[in-house]
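Below is one structure; the comments refer to it alone.
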Amino acid sequence: MRKFSIASFSLQTVLKRYMLFGFILLALFIGDSDGQKQQLNVFTWAGYVSGDIREGFEKEFGVSVLVDTYASNEDLLAKLLAGATGYDIIMPSDYMVSILIKQNLLAELHRDTIPNFQNISPLFLGKYYDTENRYSVPYTFGTAGIAYDSAVVSPPPDSWAVLWDKKYKNQFSMLDDQRETLGAALKLLGYSLNTTDAKQVKAAKEKLIAQKPLVKQYKSEAEELLIAGDVVMAHCWSGDAFRATETRPTIRYVIPKEGSSQFIDAVCIPKSAPHKELAEQFINYLLRPEVNAKITTFTKYGTCVPTAKEYLPEHLREHKFIYPTKEVLESLEWLKDPGDFTRHYNRAWEEIKAK
Ligand code: N2P
């Protein structure tokens, strides 16, 4: 009897130990090494990652997703160069992808973890900024132009010159983005967005300094200003203008006749990312047609996954905000990395902002 009870006691102890060991293993399996849920840190543009995309990934993968935003590619670059190491996912535009590759700041993507890569249209692959897509997959595409409230702004503008019209003093905003905003002035003057002629950059700078007393605000999140009615016109990106029309149906969007910029924003993983594999799983998730459709539904920028269109509401499939006419497309340029000449753009922008 006594013997038996000793035996059963030790059996209980052993079982308890096993259970404890099991719990520890489970905790390690579920969480990071510090016992926390894994957290995917996304650094992106405002209005780019919707709540339903975030929550869908959180639920399915048992992780949390944190989103932080930046206003320009140069802000993103500055953060990374300053040694920010917490980000797992970033969304630089085309030309910035090439700069980040050159700076050795991006991790190579493992295609094995991203089988949905095959869903991307070849139209958006193999571009100049990452010719084999070793570091990037496309997220969305769009243009820069002018959004205006047709109930107030008349006649409808067709030129960048309207942003120098004194009639609209304090009633419009410009992008807080050096390449885009200097780009608008360069285009108005008849130059390329990618000029490497210091005299042309200087002329664009002077144009923007002359414009400054008329500008209400430099802001990349122009949608907010348009919706609030803080401005009646904004230099902005197509999706932001499109989104503003949902609250203010009188908003229109025009790509000025002098031409403008077009972009592909990409998804990349910084070399310093703490959760690279999870980041690749996130990229793979974004490339599912039904998830990718949610990107367009939310951001109002174009999808790079043709099968996503089946999940899009009719009006978003071929909308003119997303798909400019052939003639307009021909007037657009891609921003490119001007190499060492970048310092001229940097200095011009600093001088404009300091005025
Ligand atoms: C979205 C901003 C679009 C990014 N609010 C332009 N590259």
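The values are calculated or read from the model by the stated rules, or taken from the named source; none is laboratory data. Quick caveat: nothing in here was measured; it's all calculated off a predicted structure. So basically every Cβ, Gly included, is an ideal-geometry build from the backbone, and we count neighbours across all protein chains shown. With ligands, DNA and RNA removed, areas are computed over all heavy atoms of the protein, side chains included. Shrake-Rupley method; radii C 1.70, N 1.55, O 1.52, S 1.80 Å.
Some points to look at:
- Mean accessible surface per residue for the stretch 50-193, computed with a 1.4 Å probe while every protein chain stays in place, in Å²: 40 Å²
- Taking all protein chains into account, the per residue accessible area for the stretch 218-355 stands at 43 Å² (1.4 Å probe).
- Using a Förster distance of 45 Å, the FRET efficiency for E351-S272 (Cβ separation, nearest 0.05): 0.90
- With a cut-off of 9 Å between beta carbons, the residues surrounding E221 carry a summed charge of -3, where Lys and Arg count +1 and Asp and Glu -1.
- At the listed q of 0.30 Å⁻¹, the Debye profile of the stretch 299-342, built from one uniform point per Cα, gives log10 I(q)/I(0) equal to -1.10.
- Rg/Rh for the stretch 34-149, where both radii come from Cα atoms and Rh is the Kirkwood radius: 0.97
- Ordering of 291-304, 249-262, 54-67 by packing [mean C-beta count within 10 Å, highest first]: 291-304, 249-262, 54-67
- Taken one residue at a time, the phi angles of the stretch 57-66 give Karplus couplings (6.51, -1.76, 1.60, θ = phi - 60°) of 6, 4, 5, 5, 9, x, 10, 10, 10, 10 Hz. Gly and Pro are set to x.
- Residues whose placed amide H lies under 5 Å from that of S93, excluding near-sequence neighbours: A266
- Amide H contacts under 5 Å for S260: L332, E333, restricted to partners 5 or more places along the chain or on a different chain, H placed in the peptide plane at 1.01 Å from N.
- Alpha carbon centroid spacing (whole Å) that separates the stretch 213-238 from the stretch 120-147: 26 Å
- Spacing of the two label points (7 Å from each Cα toward its C-beta) at D197 and D68, in nm: 4.1 nm
- Each listed q (0.10, 0.13, 0.16, 0.17 Å⁻¹) maps to a log10 I(q)/I(0) for the stretch 124-271 from the Debye sum over equal C-alpha point scatterers, namely -0.37, -0.61, -0.87, -0.96.
- Cα long-axis angle, helix 2-30 against the chain (0 to 90 degrees, to the nearest 10): 10 degrees
- For the chain, alpha-carbon Rg and Dmax in angstrom: 24.7, 102
- For the stretch 86-94, 3J(HN,Hα) computed residue by residue from phi via the Karplus equation (6.51, -1.76, 1.60; θ = phi - 60°) reads x, 7, 9, 9, 10, 10, x, 7, 1 Hz, glycine and proline entered as x.
- Taking amide hydrogens as placed 1.01 Å from N in the peptide plane, the amide H of T303 sits under 5 Å from that of no residue at least 5 positions away in sequence or on another chain.
- Converting phi to 3J(HN,Hα) with the Karplus coefficients 6.51, -1.76 and 1.60 and the offset θ = phi - 60°, the stretch 198-211 yields 4, 5, 5, 5, 5, 5, 5, 4, 5, 4, 6, 5, 5, 6 Hz in sequence order, with x at every glycine or proline.
- Among 107-120, 225-238, the peptide with the highest mean count of other Cβ atoms within 10 Å heads the list, and the full ranking is 225-238, 107-120.
- Annotation: extensible slack from S154 through Y128 equals 5.4 nm (criterion: 0.36 nm per residue apart, minus Cα-Cα distance).
- With every protein chain in place, the chain: carbon and sulfur % of accessible area (1.4 Å): 55 percent
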